[in-house]
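Visitor: Supplied in structure tokens, the structure appears directly below.
Taken together, the values in this text are just the output of simple stated rules run on the coordinates, not laboratory data. Every value quoted in this text rests on a predicted model; they were computed, and no experiment measured them. All Cβ positions, glycine included, derive from the backbone under ideal geometry; neighbour counts span all protein chains shown.
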Amino acid sequence: MLTIHNIMTIVNLRVHIAPVGFEIDRIAIPAKQMKADRVWLLMHGDPSKDKAQGYMEKIRMQLKKEKVEVHAEYSDRFDLFKILKSVREIVEKEEGNDIFVNCSSGSKIQAIACMMACMMFQGKTKLTPYYAEPESYSSVKGEQLSSGVKTVVKLPAYEIHTPKPALIQALKIIKQHGGKITKKEMAKLAEEKKLIVVKAKEENFDQARFASLDKNIIQPLLNEWKFIDVERIGRTRWIKITPEGNGAVEFLN
């Protein structure tokens, strides 16, 4: 027999993520209208150079009046990969909650990163991107760039697949070796860390390990993701991480 003492109701929190620029209403009003329980404000990593600090405090004050919990997360607002990493870390902390991501506030790079994050990290928890259309824009210096919110539009977040964990770990190994590593050393480390499985007799072991590395690590990173280049110098093959590969390690690791 069920009683009030043995029934547990699990309620997901409504969590908002919003980059902060020179606007208040575009963040505070949607959070209040959508009954947010918690808001994460994305701020520039160097507060001393962030002219939006004053806007953050005004947003914080408005939301606290509504009894909304407010946190700040800091990253370089000009670095797409660092912003993605910050959003991913918030998503991991809020796993299981309903997360709404404001793609209309902050800088253009922050808005793009927020939309990309919704597509990349959709599998971890429920992510809903939205765009807040302001009632009016202002050209007066010292005032917020827009005021009021006419409507909030939920945006479609089509899932983007990310590399398998083994590929990310392989990229991490390359980066830890200064961005390049010999194929021979990579094969050895990949096997030690169980990124590849080698089933071969001793006399064919090295050849089988290279084949497994090529099929499961090198070819996907090279051809599918463009995260590495392979260069032959003399008799040695070098695996080198590309700028795209560096970015992937930055926000997926």
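Visitor: State the extension gain, in nm to one decimal, for the chain segment bounded by residue 185 and residue 219, taking 0.36 nm per residue of separation less the distance between their alpha-carbons.
Guide: Computed gain between residue 185 and residue 219 is 10.6 nm.
Visitor: Sticking with the crude label model, points 7 Å out along Cα→Cβ, report the distance from residue 141 to residue 159 in nm, one decimal please.
Guide: Distance between the two pseudo-spin positions: 5.0 nm.
Visitor: Quick one: which of 145-153, 73-81, 133-141 comes out on top by average Cβ neighbours within 10 Å, and what's the full order, highest first?
Guide: 73-81, 145-153, 133-141
Visitor: Hey, in the GNM for the chain with a 10 angstrom Cα cutoff, which one of 60, 26, 235 fluctuates hardest?
Guide: 235
Visitor: Further question: Within a Cβ distance under 14 Å of residue 51, other residues only, what is the Lys/Arg minus Asp/Glu net charge?
Guide: It works out to a net charge of -1.
Visitor: If you line up the Cα atoms of segment 14-154 on their principal axes, what length do they span on each, largest first, in Å?
Guide: For segment 14-154, the Cα spread along each principal axis is 42, 31, 24 Å.
Visitor: Regarding the chain, what are the three Cα extents along the principal axes, ordered largest first, in Å?
Guide: Principal-axis extents of the chain (Cα, largest first): 72, 64, 30 Å.
Visitor: Would you mind working out the magnitude of the charge dipole of the chain relative to its Cα centre, with +1 at each Lys and Arg C-beta and -1 at each Asp and Glu C-beta, to the nearest 20 Debye?
Guide: Charge dipole of the chain: 380 debye, to the nearest 20.
Visitor: Along the positive direction of the dipole of the chain (beta-carbon charges: Lys, Arg +1; Asp, Glu -1; about the Cα centre), which of 157, 189, 176 reaches farthest?
Guide: Farthest towards the positive end: 189.
Visitor: OK, next. Using the beta-carbon distance between residue 226 and residue 197 and R0 = 22 Å, what value does 1/(1 + (r/R0)^6) give for FRET efficiency, to the nearest 0.05?
Guide: Efficiency for this residue pair is about 0.30.
Visitor: If one computes P(r) from the Cα atoms of segment 165-252, what percent of pairs lie at distances over 15 Å?
Guide: 55 percent
Visitor: Here's another thing I want to ask about it. Kindly provide the helix-only [θ] at 222 nm of the chain, computed as the sum of -39,500 (n - 2.57) over DSSP H runs of four or more divided by all residues, to the nearest 500 deg cm²/dmol?
Guide: -11000 deg cm²/dmol
Visitor: Next up: Sorting check: for 29-38, 48-57, which peptide has the highest mean count of neighbouring beta carbons within 10 Å, and how do the rest follow?
Guide: Taking the mean over residues of other Cβ atoms within 10 Å, the ranking is 29-38, 48-57.
Visitor: Still on this structure, I have one more. What's the ranking of 186-197, 100-111 by average number of surrounding C-beta atoms within 10 Å, highest first?
Guide: 100-111, 186-197
Visitor: Below 16 Å, Cα to Cα, which lysines can residue 58 reach? Residues fewer than 8 away in the same chain don't count.
Guide: Reachable lysines: 32, 67.
Visitor: Ok, one more. How high is the relative contact order of the chain, given as a whole-number percent (alpha carbon pairs under 8 Å, six or more residues apart)?
Guide: 17 percent
Visitor: Take the cross-link list 93/183; 108/215; 172/199; 65/85; 108/172; 35/154 and give me the ones stretching past 27 Å between alpha-carbons.
Guide: 93/183; 108/215; 65/85; 108/172
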